[in-house]
Amino acid sequence: MILFSICDIPWWLLWLLPLLLALLLWWYWRNKYDNMVDEYKGKIKGLNNTISSLEEELAACKTKRSELEGDLALTKGRMREMEAEMQDLKAKGGSTLGDMATAAGLGALATSLTDTSDEAPEAPEVAATAPVASIYAGIKPDNLQIIEGIGPKMESVLKENGIDTLVILGGKSEAEIQTILDKYGDKYKIIDPKTWASQAQLAGDGKFAELIDYQKKLDTGKDNAVGMTDSKLEKYLIKIGALKAFKQDDLKAIEGIGPATDKLLQENGITTWRELANTSVERLKQILTDAGSRFGLSDPTTWPQQAQLAADGKFDELREYQDFLDGGKA
């Protein structure tokens, strides 16, 4: 009978077996860990793709929201103009029908309206054209934020110290304003209020056009701008819908051009303001005529002139010119 004794096992084998077992366990867990890592990497990649997709959708939504807010602002501005027209019509309500008819150039009708016969004739409907409300009518005298360099927090600081209107701000010296700012610590000491009073004086005097020109020469309220900058008042007027904003080479910015006409011009190679400015009225009429009766009522006579102003960046002149147009017609 042969008996097996552990003592008969070589000593090196006793050391090798635990090592092999450890290596086997290490390989098992390492393989399992690698699989888990690969699985989570796949999930992370999928989540990153989802995030990228959502970010693109969010950016598109923000762009659409900005466009809709712009449309809403313009609509509100037009509503205010219509309200002003209604108020003007109400104010004219006390005028005699004869005077209204005469003002409209209806001499014969005026005579019949002033007739003293017992049976009064039926009052006609007379179209009255009310003056368009000033684009600056929506600016409140206590809106200090139209001043370049003044934001919500700064406006609050000034109003806490009794400067609650543009007129009051316009009467303050730079030293007086700086003294107020110094009370609020180092954060406000570095602010330069040098031009605030000058801007406020223009606003308080109702010289808003001059204020816009002045602000275009400033850089965040400082008179060290290099070249022309955006006017804070002009951006505010665009925001509230009192002033039309122009997107670069948007042909619909031209009075008389709508989405359908814009598409038609694009299809005919006219894609920028400069190209429209360099296109003759005769060619524009031919394009409209060839497109059919749908565009027959369009009159492109003023389009190149409007486009020239837009292409040259003369937007103030363009707005003034468009105020005199009726659907793009002079």
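Points to keep in mind about this one:
- The range 186-204 and the range 226-263 have their alpha-carbon centroids 28 Å apart.
- Å² of accessible area per residue within the range 224-308, as computed with a 1.4 Å probe and no ligands counted: 55
- Based on protein heavy atoms only, the range 140-200 ends up with 50 Å² per residue of surface accessible to a 1.4 Å probe.
- Structural size metrics of the range 170-325, computed from C-alpha coordinates, are Rg and Dmax of 21.8, 71 Å.
- The range 210-330 - percent relative contact order, Cα under 8 Å, separation 6 or more: 21
- Shown for the range 162-259: the carbon plus sulfur share of the solvent-accessible area, taken with all protein chains present and a 1.4 angstrom probe, equals 52%.
- Loop-located trypsin sites (Lys or Arg not before Pro) in the range 152-190 (DSSP state not H, G, I, E or B) with no more than 15 neighbouring Cβ atoms inside 10 Å: Lys183.
- Placing pseudo-labels 7 Å out from each Cα toward the beta carbon at Leu16 and Asp316 gives an inter-label distance of 9.7 nm.
- Surface composition of the range 261-330: carbon plus sulfur atoms hold 47% of the accessible area, using a 1.4 angstrom probe and ignoring ligands, DNA and RNA.
- Cleavage-rule hits, chymotrypsin sites (Phe, Trp or Tyr not before Pro), the range 299-330, DSSP coil, Cβ neighbours within 10 Å at most 13: Phe324
- Extension gain (nm, one decimal) between Ala330 and Lys64, 0.36 nm per residue minus Cα-Cα: 92.4 nm
The values are calculated or read from the model by the stated rules, or taken from the named source; none is laboratory data. What you see is a predicted model, and the numbers here were worked out from it, not measured in a lab. Positions of Cβ are generated from backbone atoms using ideal geometry, with glycine treated the same way; all protein chains shown enter the neighbour counts. All accessible areas refer to the heavy atoms of the entire protein, side chains included, with ligands and DNA or RNA removed. Shrake-Rupley method; radii C 1.70, N 1.55, O 1.52, S 1.80 Å.
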